[in-house]
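Enquirer: Dropping a structure here in structure tokens format, bear with me for questions.
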Amino acid sequence: MKTMLVAPSILSADFGNLSQEIKDICQTSCDMIHIDVMDGKFVPNMTIGSVVVEAIAKVATKPLDIHLMVENNDFFVDMFKVFKPHSISFHIESEKHPHRLIQKLKTLNIKPAIALNPHSSIEDIRYLIKDLDMVLLMSVNPGFGGQKFIPSVLEKSIELKKLINKINPNCKIQVDGGVNDKNIQLLKDAKVDIVVAGSYIFKSKSPKKMVENLKI
């Protein structure tokens, strides 16, 4: 059975010491670095732009996984493409032309992914799954770190995996929000491939140990 992939979210990192935080987390067994980008419009919070992502890209030795929580996805894709991220997720709720954006990401050699808010149906992306490398299921309402896990994502993931297996078995499921050692087995049982964890990892005394706890 495959081991869970882990993507620490820098949203919970110490931004006053970000370079060292990135270097340290890349020394763990994590698989990628998750970067949350918020514009203050799609979600009621603002985070980082190109200057910070450039600084992360310079020191990170793990692939960058960028999660856009924005209204103008094209603008941000153009902003971040120079840093050669491994993948970019955009929200289906904010994109009028998702198929076109998926194709754009592919031409940039960036793995395309779509994110779904807790209330959004997997039916919204049925006809896009064949072109995706990943689907990101939000297990909290997007915009802030440290929120409680929404259990309904487990049933959603099981249903999504059935759909993925029919259409594009190579597409992975990622879950973001409230992930910890108490629910990681439930997530694995629900066929999740990748978990994003912020507070659980970065707010601990031993981020290395926390990453290992999730790699079941």
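Enquirer: Relative contact order, percent, of the range 82-205 when contacts are C-alpha pairs under 8 Å separated by at least 6 residues?
Expert: Reported relative contact order: 21 percent.
Enquirer: According to a simple spin-label model (label point 7 Å from Cα along Cα-to-Cβ), what is the distance in nm between residue 170 and residue 51?
Expert: Placing both labels 7 Å beyond Cα along the Cβ direction yields 3.9 nm.
Enquirer: Separate question: Which pairs break 19 Å Cα to Cα here: 130/161; 62/191; 2/84; 58/104; 23/104; 81/172?
Expert: Violating the 19 Å limit, Cα to Cα: 62/191; 2/84; 58/104; 23/104; 81/172.
Enquirer: Answer rounded, prolate or oblate for the range 139-216, using the Cα gyration tensor with square roots of eigenvalues a ≥ b ≥ c: rounded when a/c is under 1.5, else prolate when a/b is larger than b/c, else oblate.
Expert: Since a/c reaches 1.5 and a/b is larger than b/c, the shape of the range 139-216 is classed as prolate.
Enquirer: For residue 155 and residue 141 in one chain, what is 0.36 nm times their gap in residues minus the Cα-Cα distance, to one decimal in nm?
Expert: Value of the extension gain: 3.4 nm.
Enquirer: Please find, in a Gaussian network model of the chain (springs between Cα atoms separated by less than 10 Å), the residue of 72, 165, 117 whose mean-square fluctuation is greatest.
Expert: 165
Enquirer: Quick one: which residues, 5+ away or cross-chain, put their amide H under 5 Å from the amide H of residue 32? H built at 1.01 Å from N.
Expert: Answer set, sorted by chain and number: 6.
Enquirer: Still on this model: Rank 77, 30, 178 by how far each Cα sits towards the positive end of the charge dipole of the range 5-214 (+1 on Lys, Arg Cβ; -1 on Asp, Glu Cβ) and give me just the farthest.
Expert: Towards the positive end, the residue furthest out is 30.
Enquirer: What residues of the range 195-211 lie in the reach of a label at residue 27, counting those whose backbone N is under 16 Å from a point 7 Å from the Cα along Cα→Cβ?
Expert: 202, 204-211
Enquirer: Same structure again: Short version: ³J(HN,Hα) in whole Hz for each residue of the range 57-67, in order, from phi by Karplus 6.51 cos²θ - 1.76 cosθ + 1.60 (θ = phi - 60°), x for Gly and Pro, what are they?
Expert: 4, 5, 10, 6, 10, 10, x, 8, 10, 9, 10
Enquirer: Shifting gears a bit: For the chain, build the charge dipole from Cβ charges (+1 Lys, Arg; -1 Asp, Glu) around the Cα centre, then report which of 4, 90, 129 sits farthest towards its positive end.
Expert: 4
Enquirer: Additional query: Return the distance in nm (one decimal) between the two label points of a simple spin-label model at residue 186 and residue 97, each offset 7 Å from Cα along Cα→Cβ.
Expert: 4.1 nm
Enquirer: What translational diffusion coefficient, to the nearest whole µm²/s, does the chain have by Stokes-Einstein, given a Kirkwood radius computed over alpha-carbon pairs, a temperature of 20 °C and 1.002 mPa s viscosity?
Expert: Estimated via Stokes-Einstein, D reaches 126 µm²/s.
Enquirer: In the range 22-102, which trypsin sites (Lys or Arg not before Pro) fall in coil by DSSP and have 10 or fewer other Cβ atoms within 10 Å?
Expert: Listed in order of number, the matching sites are 96.
Enquirer: Trypsin sites (Lys or Arg not before Pro), restricted to the range 143-196: which are DSSP loop and have at most 11 other Cβ atoms within 10 Å?
Expert: 148, 182
Enquirer: Note down the relative contact order for the chain as a percent, whole number, built from C-alpha pairs under 8 angstrom at least six residues apart.
Expert: Computed over the chain, the figure is 23 percent.
Enquirer: Now a separate question. Measure out, as a whole number of angstrom, how far apart the alpha-carbon centroids of the range 176-214 and the range 101-144 sit.
Expert: Between the Cα centres of the range 176-214 and the range 101-144 lies a distance of 21 Å.
Enquirer: Residue 205 to residue 81: FRET efficiency via 1/(1 + (r/R0)^6), r the Cβ-Cβ distance, R0 45 Å, to the nearest 0.05?
Expert: The computed FRET efficiency comes out at 0.75.
The numbers here are math on the coordinates, done by the rules we state, and not lab data. These numbers were taken from a predicted model, which means no experiment stands behind them. Neighbour counts run over all protein chains shown; Cβ positions are idealised from the backbone, glycine included.
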